[in-house]
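Working notes, structure below.
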């Protein structure tokens, strides 16, 4: 026999062992030597968290009450593992690439990172998990009581009966022990569930401890089974005979209930927060699923194989009314096998603790991530993003959540007083938890699923579950007997157990049918009717097409290889020397000898910050994530990258604009320079020309004046001739200077016009007279006096100067034998044209664009002009608002002077 | 034997002045006003000295000089260049083209006379 204290001591020792295992595993993982921690066997064993105290104790109880029905709970997961292996693989892949931390996170992330959905799933999970935790606490305390009250073997049955009677009077001692167990579990979970700062939310120590517990509970159950079959019944044949003789044989299989239970356990295997935690979040490698797909069903088979023999033998050997849920412990105890009973108790203890630990980690992650953190961030107003110690806040939130969740379970236990048979609490929890199934499966297989659809489905399912199953489970405390039978306000079709008149069904099946079907329908209909946001659409594509998006499976753990990849990438971005220096510095900080540091969070953050300086924060995060996490780039990353590149594009567009402006300025400068150069050349040419024009007459003047001065023997005729040459050249010089000044004044725009009124005929008359002065030769001028009667308002003197020039040119250059100059006046409507046409050779076509330039002279220097005449004419006409141009198509030289209309007044 | 001088110049008054001065000194002066056939005239006339104006209608004095220098039959023909443009680059151009002397208008009569005398082959 063993004392209560002795049992508690064994429990403590066992817990200490678990601490040691977890501590060792964590340490090994941190030092990067935990390769064996990530073996597929550990993964498979960790899945056994599915088998809680409910399965450990309850399966035998269920078999004793309902025959083989307990098998459904094992069949569901087995079907999923074997038949839906690919669904799990998809879930694991999505969980990996999207850094999913919980079911709530999965649903929220899929539906456009909706926090409302996350909160909904979290609340549902808390609600569904709490009774389950209570169940575990209850199982531990009840099984403890079996020992504590045990003085003699005969008393056991009575105690067991008492404990199972459910009259709500749990002894104070059991309430205390439940509280102590709850505290101990919370402590363990806080220490090993939140010590890991790893962003991947993976807990090597916890997983290892769970795996050890899996072995313990399987070993315990099988030990009891072996004892029962070979120790009590005397062999396989005898056992089969005993089964044949037992009442179990006569129980019928209820088809509907079976199908419902198989479906429920299959769905729960995917949706339960703790299952999602070990299946997806803690998954080290999706290839482990391959092993688990056969190893886990095998585990379940071993767990279930001795259930019926134990149940049958228990019913046979123990007094009628003994609680079948406790046969696993009471049977060996009744047979005096205290050690075996203790082992069996430890098996149950393991089942309970592993469930509570994992479930509280899973639920607390949801609570802290989706409820506490958003609230905290809102309350602190975004200061968190500045302070950097947000990790600390997350951990604190998670620790508080763990303690709260476990204590919530404890209070539920204390309040309900262990009032219900274990199995039914489990089923109620299951139905609640699987309400997320439509949203999860729809989310990963159907791109049309929307956030509103998921919300609608979840809300409908959760409400129906609460109404038809969860709330009624509290008994008359919440829904009175009358309410249950007649429905609210006497509305029969709203009765919780007979919704829409569907009465006479198993309440569990009734609730499952209505909640799941209406959940799925609401989800589908609202999804079809609503429109997804862009983020939802992108996330939907990422989730549904995860295998196209995420390449091959990559392991979380690559150790040094990762660091090398990081170094290569960093060298590309930071430059070789700087990158190596950074890595060496980090390695020194970690106390490592080589140049490659461990890819631990601190280092990665530093690296990300360094890289962010070069490529922007979002890109840096995505790049590091690609290498370290094997994560695919999330939509938010992409959007952030797009933002950054938009900024870069804008910047480069600005640079381009500046560059365009610079080249435009350069072109303008080049043009200005060319113009200046051209002007400089022109100026040089002009000065050179002026020099030539001035020096030529001065040469004659100097030469002849020297002759006159130095020679005594000149004839009078010679003296007179030379003197007149000097005289003529002086006049030529004067005229040249006048012209130059005239042109200069005109070009500078400083000429003031003397506007007067007069007639065109007067101006021509004056010009002809002036041009003819001193020249008695035979240039005949033909005019049409009638057409010249045009009144003008212009600078008459300047106009006359132009005419004089043209007449003088005709006189100089017209080489006809009998030179004739026609002056024709034509009214063009908006302008008056005065054409000067002679009968000479005219100006050759190639020279016509040159004649108006300064110092351009036709062929030989015939008539001592400086070649400025036409240039001056052009300047004058510009000032007067008209033009002068060469008139092609005439036989001789022809010039057209064009006066604007406003210079010419209408003839009166 | 009278020395022969070819004056290539387009300004009539300057032809008259130089012609008068040199004739008085005993030169036989032949003048030509066009630039185009100036080198040909030089070949035909076989002068002892050439006075060449730079700015001529039809062809520049430099081109005519280069033509003369390129002609072996006119080897050693002394050329005095006259220019109305007194810039230093004109002098350089003249030297490059192979002018023996370079004078700027307006010139002094006695300088021209001295230059022509100096250029005339001693015989």
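The values are calculated or read from the model by the stated rules, or taken from the named source; none is laboratory data. Nothing here was measured: the structure is a model prediction, and the numbers come from that model. Cβ placement follows ideal geometry from the backbone for every residue including glycine, while neighbour counts extend to all protein chains displayed.
For region A:301-337, give me the residue count where each residue is over 60 Å from the mean Cα position of the chain (by Cα), more than 20 Å from residue A:144 (Cβ to Cβ) and buried (at least 21 other Cβ atoms within 10 Å of the Cβ). Quick ask: steps written out before the conclusion?
Filtering region A:301-337 for residues over 60 Å from the mean Cα position of the chain (by Cα) gives A:312-322, A:331-337.
Checking which are more than 20 Å from residue A:144 (Cβ to Cβ) leaves us with A:312-313, A:315-317, A:319-321.
Checking the rest, the ones that are also buried (at least 21 other Cβ atoms within 10 Å of the Cβ) come to A:312-313.
Looking only at that region, the number is 2.
Condition test on residue A:143, is it out of contact with any strand residue (DSSP E or B) (no Cβ under 8 Å at 6 or more places or on another chain), in the same structural domain as residue A:288 (by TED's automatic domain parsing) and surrounded by 24 or more Cβ atoms within 10 Å (Cβ to Cβ)? I'd like the intermediate steps shown before the answer.
Working: out of contact with any strand residue (DSSP E or B) (no Cβ under 8 Å at 6 or more places or on another chain): yes; in the same structural domain as residue A:288 (by TED's automatic domain parsing): yes; surrounded by 24 or more Cβ atoms within 10 Å (Cβ to Cβ): yes.
Judged against the criteria, residue A:143 is a match.
Has region A:115-134 got at least one residue that is at pLDDT below 80 and either within 30 Å of residue A:544 (Cα to Cα) or not assigned by TED's automatic domain parsing to the domain that holds residue A:405 (or both)? If you could, list the steps in order and put the result at the bottom.
First pass over region A:115-134, keeping only residues at pLDDT below 80: A:115.
Now narrow it down to the ones that are either within 30 Å of residue A:544 (Cα to Cα) or not assigned by TED's automatic domain parsing to the domain that holds residue A:405 (or both): A:115.
Yes, region A:115-134 contains at least one residue that is at pLDDT below 80 and either within 30 Å of residue A:544 (Cα to Cα) or not assigned by TED's automatic domain parsing to the domain that holds residue A:405 (or both).
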Review point. Regarding residue A:723, is this residue touching a residue at least 12 places away in the same chain (Cβ under 8 Å), within 18 Å of residue B:11 (Cα to Cα), within 14 Å of chain B (Cβ to nearest Cβ) and surrounded by 12 or more Cβ atoms within 10 Å (Cβ to Cβ)?
Key: yes
Check your understanding: Pairs under 6 Å by beta carbon, first residue farther than 14 Å from residue A:497 by Cα in region A:446-474, partner assigned to a loop (DSSP other than H, G, I, E, B) and modelled with pLDDT under 90, six or more apart or different chains?
Key -> A:450/A:530; A:450/A:532; A:451/A:111; A:451/A:112; A:451/A:114; A:452/A:530; A:454/A:111
Check your understanding: For the subset of region A:690-703 comprising residues that are more than 7 Å from chain B (Cβ to nearest Cβ) and surrounded by fewer than 20 Cβ atoms within 10 Å (Cβ to Cβ), which member is modelled with the lowest pLDDT?
Key -> A:690
Check your understanding: Here are some conditions: (1) in contact (Cβ under 8 Å) with a residue 24 or more places away in the chain; (2) more than 10 Å from every other protein chain (Cβ to nearest Cβ); (3) closer than 21 Å to residue B:87 by Cα. Residue A:683 meets all but one. Which one does it not meet?
Key -> (1)
Review point. If residue A:712 satisfies every condition in (1) under 21 Å from residue B:108 (Cβ atoms); (2) out of contact with any helix residue (DSSP H, G or I) (no Cβ under 7 Å at 6 or more places or on another chain); (3) facing another protein chain (nearest Cβ under 10 Å) but one, which is the exception?
Key: (3)
**Study point:** Which numbered condition residue B:59 misses (of (1) away from chain A (no Cβ under 14 Å); (2) under 24 Å from residue A:694 (Cβ atoms))
**Key:** (1)
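Here is a check on your reading of the model: is residue B:112 touching a helix residue (DSSP H, G or I) at 6+ places or on another chain (Cβ under 8 Å), crowded, with 20+ Cβ neighbours inside 10 Å and within 10 Å of chain A (Cβ to nearest Cβ)? If you could, list the steps in order and put the result at the bottom.
Values: touching a helix residue (DSSP H, G or I) at 6+ places or on another chain (Cβ under 8 Å): yes; crowded, with 20+ Cβ neighbours inside 10 Å: yes; within 10 Å of chain A (Cβ to nearest Cβ): yes.
Answer is yes for this residue.
For every residue, the table says whether it meets (1) within 25 Å of residue A:415 (Cβ to Cβ); (2) crowded, with 18+ Cβ neighbours inside 10 Å; (3) at pLDDT below 75.
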position	(1), (2), (3)
A:462	yes, yes, no
A:468	yes, yes, no
A:472	yes, yes, no
A:479	yes, yes, yes
A:493	no, no, yes
A:500	no, no, yes
A:510	no, yes, no
Review point. When region A:760-771 is examined, which residues are found to be surrounded by 17 or more Cβ atoms within 10 Å (Cβ to Cβ) and in contact with a helix residue (DSSP H, G or I) (Cβ under 9 Å, 6 or more places away or on another chain)?
Key: A:760, A:763, A:764, A:766, A:767, A:768, A:771
Point to revise | Complete set of residues in region A:772-783 that are at pLDDT 85 or above and surrounded by 13 or more Cβ atoms within 10 Å (Cβ to Cβ) | key: A:781, A:783
Exercise for review: Return a yes/no flag: does region A:806-819 have any residue that is surrounded by fewer than 19 Cβ atoms within 10 Å (Cβ to Cβ), part of a helix (DSSP H, G or I) and assigned by TED's automatic domain parsing to the domain that holds residue A:868.
Suggested key: yes
Review point. Going through region B:62-85 one residue at a time, which ones are in contact with a helix residue (DSSP H, G or I) (Cβ under 6 Å, 6 or more places away or on another chain) and within 12 Å of chain A (Cβ to nearest Cβ)?
Key: B:83, B:84, B:85
Study note, to complete from the structure: Looking across region B:86-105 at residues that are surrounded by 20 or more Cβ atoms within 10 Å (Cβ to Cβ) and assigned to a loop (DSSP other than H, G, I, E, B), the single one that is farthest from the other protein chains (Cβ to nearest Cβ) is B:99
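When the residues of region A:726-759 are narrowed to those that are within 14 Å of chain B (Cβ to nearest Cβ) and touching a helix residue (DSSP H, G or I) at 6+ places or on another chain (Cβ under 7 Å), which ends up surrounded by the most Cβ atoms within 10 Å (Cβ to Cβ)?
Start the filter on region A:726-759 by keeping residues that are within 14 Å of chain B (Cβ to nearest Cβ), which leaves A:726-733, A:736.
Now drop any that are not touching a helix residue (DSSP H, G or I) at 6+ places or on another chain (Cβ under 7 Å), which leaves A:726, A:729-730, A:732-733, A:736.
On the way: A:726: 20, A:729: 23, A:730: 14, A:732: 20, A:733: 18, A:736: 20.
Restricting to residues being within 14 Å of chain B (Cβ to nearest Cβ) and touching a helix residue (DSSP H, G or I) at 6+ places or on another chain (Cβ under 7 Å), the top hit is A:729.
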Review point. What is the residue count in region B:8-27 for residues that are within 16 Å of residue B:114 (Cα to Cα) and not in a loop (DSSP other than H, G, I, E, B)?
Key: 8
Point to revise | Filter result (touching a strand residue (DSSP E or B) at 6+ places or on another chain (Cβ under 8 Å), closer than 19 Å to residue B:102 by Cβ and in a helix (DSSP H, G or I)) within region B:28-81 | key: B:38, B:42, B:61, B:64, B:65, B:68
Point to revise | Output for region B:1-51, where each listed residue is closer than 22 Å to residue A:729 by Cβ and away from chain A (no Cβ under 13 Å) | key: B:8, B:29, B:31
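Applying the selection to region A:868-893, what residues are part of a strand (DSSP E or B) and surrounded by 22 or more Cβ atoms within 10 Å (Cβ to Cβ)? Outline the logic, then answer.
Filtering region A:868-893 down to residues part of a strand (DSSP E or B) leaves A:883-886.
Hit for region A:868-893 is A:884, nothing else.
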